[in-house]
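Peer 1: I am attaching a structure below and will ask some questions about it afterwards.
The values are calculated or read from the model by the stated rules, or taken from the named source; none is laboratory data. What you see is a predicted model; the values in this text were computed from it and never measured. Reconstructed Cβ throughout: ideal geometry from the backbone, glycine too, with neighbour counts over all protein chains shown.
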Amino acid sequence: MHLHRWLLALLLSGCTVFQLAAHEGPEHEIEALTEKMKTSGESAELLADRAIEYRLLGKLPEAIKDLERAVVLDTQSMAIQRALAHALYLDGKADDALATISRGLRANVDEPAEIAALRILRAEILRSKKDYLKALEDANAAIELHNLNPEWYVLLSDIQRLRKAHRERLAGIEAGIKATGAWILEIERVEALIDAGNLDAALPIIESELRESRIKSSWLIRRARVRQAQGKHEDAADDLKAALVEIGTRLNPKTPDLPLLIDKARALEMLGDTRDALNTYKTARDKGADDSVKDKIKALEESTSKPAGPDAPSPKAQ
């Protein structure tokens, strides 16, 4: 059975539907697909197509219902299994999602790319559950099967970051750059160098990008991280303020760009503006940011809920 091409691209990309631009008229598409099923009968393909439209509308329960029916009609489709698992995960049912993935992996299907896509999704879910060793195993296995998706290397890098395995993280990024040539991994390498404390290697790359890039805010934030680590707090604050000014000129409050929101939150947090940082992270979360943003929100909420001692500095001054 040939699935809708957009669905298949979605499944293999690792993206969430909420990060994709909506196409015209999901309501109309749902009506058309429903009518078609009334006349020609249900099929796994039609149900999967309708699930896409439901997810575009944020109607996860309806999407899950269609995908559960689609799995019954086509038990061998690992792509549909993954779509169902992903929808369950987004709906807060991580354990059900993991069970669905396990069933999909037991299917007698020799499709390496789809096996890899299932394993990378399981790695993402396991990361959210803080089971980093199992997440690492799945991410490595997925990349061994299908090594051309740079986003998968970013996930692998984040798992290694959480494990504080700096050497392995950098090695994985280098392998990803060699396999894909993706610029996003060049950026990830700079982040990894900073996290590892290899400031002398990171700073020249950052300075070069600041000279050559028209849009500088992300690189200003990275330089601020280096300067903070070097103890140059005033210089770091200058970089962060400059980044916020640029972000302010580019950020549309009605339809904010997710990476810009996260950069804004990060800069505010680094400046010690905890309340505004927390509110901005929450906006990013509501726009579909990943679990790292949710973890950041939790950490900031915990830090602000702790009673301050009589000599404790205010959050703004920290």
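Peer 1: Over 30 Å from Glu144 (Cα atoms), in contact with a Lys or Arg (Cβ under 6 Å, 6 or more places away or on another chain) and in a helix (DSSP H, G or I) - does that describe any residue in the range 263-276?
Peer 2: No, the range 263-276 has no match at all.
Peer 1: Restricting to helices (runs of 4 or more DSSP H) lying wholly in the range 90-192: which have 2 or more residues that are within 28 Å of Arg223 (Cβ to Cβ) and not basic (Lys, Arg)?
Peer 2: Values: elements: 94-106, 112-128, 132-145, 150-163, 166-180.
Correct list: 150-163, 166-180.
Peer 1: Answer yes or no: is there a residue in the range 197-210 that is farther than 27 Å from Lys164 by Cα, buried (at least 17 other Cβ atoms within 10 Å of the Cβ) and not assigned by TED's automatic domain parsing to the domain that holds Ala277.
Peer 2: no
Peer 1: So which residues in the range 214-245 are of a type outside the set (A, V, I, L, M) and either surrounded by 18 or more Cβ atoms within 10 Å (Cβ to Cβ) or within 26 Å of Ala175 (Cβ to Cβ) (or both)?
Peer 2: First, the residues of the range 214-245 that are of a type outside the set (A, V, I, L, M): 214, 216-219, 222-223, 225, 227-228, 230-235, 238-239, 241.
Selection gives Ser217, Ser218, Trp219, Arg222, Arg223, Arg225, Arg227, Asp239.
Peer 1: Tell me, yes or no, whether the range 74-96 has at least one residue that is touching a Ser or Thr at 6+ places or on another chain (Cβ under 7 Å), among the small types (Gly, Ala, Ser) and under 20 Å from Asp295 (Cα atoms).
Peer 2: Yes, some residue in the range 74-96 is touching a Ser or Thr at 6+ places or on another chain (Cβ under 7 Å), among the small types (Gly, Ala, Ser) and under 20 Å from Asp295 (Cα atoms).
Peer 1: Considering only the range 65-88, I want to know if a residue exists there that is in a helix (DSSP H, G or I), of a type in the set (D, E, K, R), over 20 Å from Val109 (Cβ atoms) and without any contact (Cβ under 8 Å) to a residue 40 or more places away in the chain. Give the steps one after another, and end with the answer.
Peer 2: Within the range 65-88, the subset in a helix (DSSP H, G or I) is 65-73, 78-88.
From the residues that got through so far, the ones that are of a type in the set (D, E, K, R) too are 65-66, 68-69, 82.
Imposing the further condition that a residue be over 20 Å from Val109 (Cβ atoms) reduces the set to 65-66.
Subsequent filtering for residues that are without any contact (Cβ under 8 Å) to a residue 40 or more places away in the chain retains 65-66.
The answer is yes; a qualifying residue exists.
Peer 1: Would you tally the residues in the range 212-237 being under 12 Å from Asp263 (Cα atoms) and part of a loop (DSSP other than H, G, I, E, B)?
Peer 2: 1
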